[in-house]
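Before any comments, here is the structure.
The values are calculated or read from the model by the stated rules, or taken from the named source; none is laboratory data. Here the structure is a predicted model, which means the values were calculated and not measured. Heads up, the Cβs are rebuilt from the backbone with ideal geometry, glycines too, and the neighbour counts pull from every protein chain shown.
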Amino acid sequence: MAAQNGKDLLIKIDMTGDGQFQTAAGLRATRIAFNSESVDVTSMESTGGWRELLGGAGVKTAEISGSGVFRDAATDERVRQIFFDGETPEFQVIIPDFGTVQGRFQVASIEYAGNHDGEATYEMALASAGAVDFTALP
């Protein structure tokens, strides 16, 4: 497999709730992480004292984060609206040469920063708010 271009890892927002996704503009860095809590079922009978985990149990989560510069008023306004209204709309993450991750996410944080001699920047973090689906590329 060839190396992937980082700028092709895109975060897309459902802008109106009708499945029309738009790329969050101005992002320079994007990250998605999947986590699964483990459920320890180790007991005195565990072979050799080794930890045993209960398969299929625990809470699964996905976290998305991104940072960048202001480029588009519409997506910036939508992210702010989602945060202040406490919404959990659909988001997509396009992973180049792998597929698309889609599900409901809550804007867990949004941060704005800027220096007097530089551009205004923002960072956002999203937390999964339900089942997340992965659709592989054909």
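Flag not set for Leu126, criterion: closer than 19 Å to Lys12 by Cα and surrounded by fewer than 11 Cβ atoms within 10 Å (Cβ to Cβ).
Residues of region 6-30 that are under 13 Å from the mean Cα position of the chain (by Cα) and loosely packed, with under 14 Cβ neighbours inside 10 Å: Ala29 alone. Where residues in region 64-88 are touching a strand residue (DSSP E or B) at 6+ places or on another chain (Cβ under 8 Å) and over 16 Å from Lys12 (Cβ atoms), which of them is modelled with the lowest pLDDT? Selected residue: Phe70.
Screening Lys12 with (1) out of contact with any Lys or Arg (no Cβ under 8 Å at 6 or more places or on another chain); (2) farther than 18 Å from Glu123 by Cα; (3) not in a loop (DSSP other than H, G, I, E, B) gives one miss only, at (2).
Scanning region 26-72 for residues that are touching a helix residue (DSSP H, G or I) at 6+ places or on another chain (Cβ under 9 Å) and in contact (Cβ under 8 Å) with a residue 12 or more places away in the chain gives Gly26, Leu27, Arg28, Ala29, Thr30, Phe70.
With the condition kept exactly as written, say whether any residue in region 49-71 is acidic (Asp, Glu), within 19 Å of Lys7 (Cα to Cα) and either touching a Gly at 6+ places or on another chain (Cβ under 6 Å) or surrounded by 11 or more Cβ atoms within 10 Å (Cβ to Cβ) (or both). Yes, region 49-71 contains a residue that is acidic (Asp, Glu), within 19 Å of Lys7 (Cα to Cα) and either touching a Gly at 6+ places or on another chain (Cβ under 6 Å) or surrounded by 11 or more Cβ atoms within 10 Å (Cβ to Cβ) (or both).
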